[in-house]
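Working notes for the structure below.
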Amino acid sequence: MDSLRLPQPMADQNKSKEDSNERHGDKSKEVIASPAHSTVALIDEEPEEADPWDLPELKDTGVPWSALDTKGKVLRVAVAVGKLVLLLGFLYMFICSLDILSSAFQLVGGKAAGDIFQDNSVLSNPLAGLVIGVLVTLLVQSSSTSSSIVVSMVSSGLLSVQLAVPIIMGTNIGTSVTNTLVAMTQVGQRSTFRRAFAGATVHDFFNWLSVLVLLPLEVATGYLYIVTKLIIDSFNIESGEAPDLLNVITDPLTDSIVQLDQSVISGIATGDPEARNKSLVRRWCQTFTNTTLRNVTVPGPENCTSVSLCWVDGNITTTLKNISETFNVKKCKHLFVNVNLPDLAVGLILLALSLLVLCSCLILIVKLLNSMLKGQVAGVIKKILNTDFPFPFGWVTGYIAILVGAGMTFIVQSSSVFTSAITPLVGIGVISIERAYPLSLGSNIGTTTTAILAAMASPGDTLANALQIALVHFLFNITGILLWYPIPFMRIPIRLAKGLGNITASYRWFAAVYIITCFFVLPLFIFSLSLAGWQVLVGVGAPLILMLIIIIVINVLQKRKPGCLPAALRSWDFLPLWAHSLAPWDKVVGACTTKCCCCCKCCQIAVDDQEHTERESVENNKKPHVEVYDNPAMSADKEVENEIKIELEILKITRL
């Protein structure tokens, strides 16, 4: 199509009219049609939208340093030092609240966790063992505690190492829920929540994908068991002691609030009848056990310790036995030592208080970081954390981040603490999700090294089994890293986390649906199918997995090669709107929220949030994807018709 040109006589007439208009003060402007090969080019192009995953610029709104006098500089330094001290104090309280939160969950569900582990017939199913590892770690909120229960069961002979491998995989999944819950505290700001939730769930996706690959491999070949067995048999490993690093700082505060007897949960799991009647709250911190040789009446001669130490006097048989008596020497010093409340009540009290302190500290930490990380300081920190090494050593940066994550987790002795600490940093834009991913992978390795050192403190007769379980955990994470990190194309957890972050930024209620589904509904569903037997599990699970694979393949083809699909499958428009879009569900949630809190201030917040979502969706859809041969006028009419149909369908669905 030739460029649009005006005929010469017409151009002369226009020129004479323009001159006369200029003389008479007319403000009309000349319209010039620029040459184009399509009518699309005549439409004004809108500016490109910014990438929501770009790190925001943390601008300094204060007075520049050079403009301050001596008093102002001293005051600014004093304020900065005060903020740093407050930040360290809030971080300390945040870590202590996570420790108390773990104790609270153990008080609430610790005995139930012990009962779950006690059923060996269920643990023989790998899928059931995996789900039990997830659920028990969710109950006690500590992969170290659930791993120690598994180690004690293996050491006592109640559980073999092969059956313990799926449980260890499950503990790896269960421990990642903590930082996902921490991300929920940043739900107030859309862009911050997008980054924070993606930074937290990248850990979840890594663990789930690793299990999806390695659990079938372990069932088929015994890969983790065989390799760790070879390592144990190859080295002469001596017993040692696990280090106390961060616990030296946090224990004085946490021990003054509550102290737990961890042997009660292990005792229930190993079948000790006395453990069931004991309280998890420790009353006596110092005891003395005295063993003496005494005469004891036994039912018959066969119960005597030896023939020479057995006396029969009529119907009474007496023998000599070592009798151990435990004497309480010193009471513990914590808030609940003299409180006559059941473990459940104490656990609920601590759960409420620890959650309150945790959320408050996290909010204050984010506020302080936002006020401190401005201007040049923010630029330097962001550059150090997110910049790669120069070519050709750029690939080394990620592996150094893995080592940093492992080292920091080894220091704090908890992957939950480390990943929960970096989640708000990802939210405010100090750390990118591409850098948070290797840090999370390193935290997985760091928590296993702590478990290895703890296993080396086991007695000599149980050292081999305890150390093999810890090495299984270590090898599982190393293999997962080799699968999902070295090749950039295989860093699927980052893409999945970003996709989920975009969804939760538009529909923030979906974050709660994700947590409940992935960490409670799905594990319980798999566990119930496992209890019903292999036939039911395969009969129900196989069609669901096949359908999921087909949906994923169709989605990929729709984006990459839609021409390979039939015309009907090139989009999901043939399905009802509620089956392929969250917009109708968002309307339902908004309507329910409005009904529930119509008398509260949160009602207005929900309405404003809904209006903001609608405005954002309208703006996003304002610029259609058009081809060169498309007619914009006709496509606009078609869009109006489609929008009217969608609105009518939504009104039908959400009618209450």
How far is the Cα center of region 351-372 from the Cα center of region 169-214, in Å? 19
Using θ = phi - 60° and Karplus 6.51 cos²θ - 1.76 cosθ + 1.60, couplings along region 273-282 (whole Hz; Gly, Pro as x): x, 6, 5, 5, 8, 8, 8, 6, 6, 6
Would you tell me the accessible area of E274, worked out with a 1.4 angstrom probe on the heavy atoms of the protein chains, in Å² to the nearest 10? 120
Whether region 417-559 is rounded, prolate or oblate, judged on the alpha carbon gyration tensor where a/c under 1.5 counts as rounded: oblate
Over 32 Å (Cα to Cα) - which of K73/K367; K229/K331; K278/K321; K83/K330; K498/K587 fall in this group: K229/K331; K83/K330
Sorted by chain and then number, the residues having a modelled amide H within less than 5 Å of the amide H of T317, at least 5 places away or on another chain, are V298
Sequence of K595, K559, K278 from largest to smallest accessible area, 1.4 Å probe: K559, K595, K278
Cα gyration tensor shape of region 296-369, rounded if a/c is under 1.5, else prolate or oblate by comparing a/b with b/c: prolate
Which residues qualify? For L260, with a placed amide H closer than 5 Å and at least 5 residues away or on another chain, they are R282
Output ³J(HN,Hα) for region 164-181: one whole-Hz value per residue in order, computed from phi by the Karplus curve 6.51 cos²θ - 1.76 cosθ + 1.60 with θ = phi - 60°, and x for Gly and Pro. 7, 4, x, 5, 4, 4, x, 5, 5, 6, x, 6, 7, 6, 5, 5, 5, 5
Largest-first ordering by accessible area, 1.4 Å probe, given options R560, R194: R560, R194
Whose amide H sits under 5 Å from the amide H of C310, counting only residues 5 or more places off or on another chain, with H placed in the peptide plane? none
In region 210-364, if the dipole is taken from +1 on Lys/Arg beta carbons and -1 on Asp/Glu beta carbons about the Cα centre, which of G314, Q262, G222 is farthest to the positive end? G314
If you rank L260, L86, L482 by how much accessible surface each has, with a 1.4 Å probe, what is the order from largest down? L482, L86, L260
Given axes a ≥ b ≥ c from the Cα gyration tensor, I'd like to know whether region 480-537 is rounded (a/c under 1.5), prolate (a/b larger than b/c) or oblate. oblate
Tell me, how many Å apart are the Cα centres for region 327-342 and for region 489-539? 42
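The values are calculated or read from the model by the stated rules, or taken from the named source; none is laboratory data. This structure is a prediction, so every number in the text was calculated from the model and none was measured. With ideal geometry, Cβ positions are generated from the backbone for all residues, glycine too; neighbour counts draw on all protein chains shown. Surface accessibility is based on the protein's heavy atoms, side chains included, excluding ligands, DNA and RNA. Shrake-Rupley method; radii C 1.70, N 1.55, O 1.52, S 1.80 Å.
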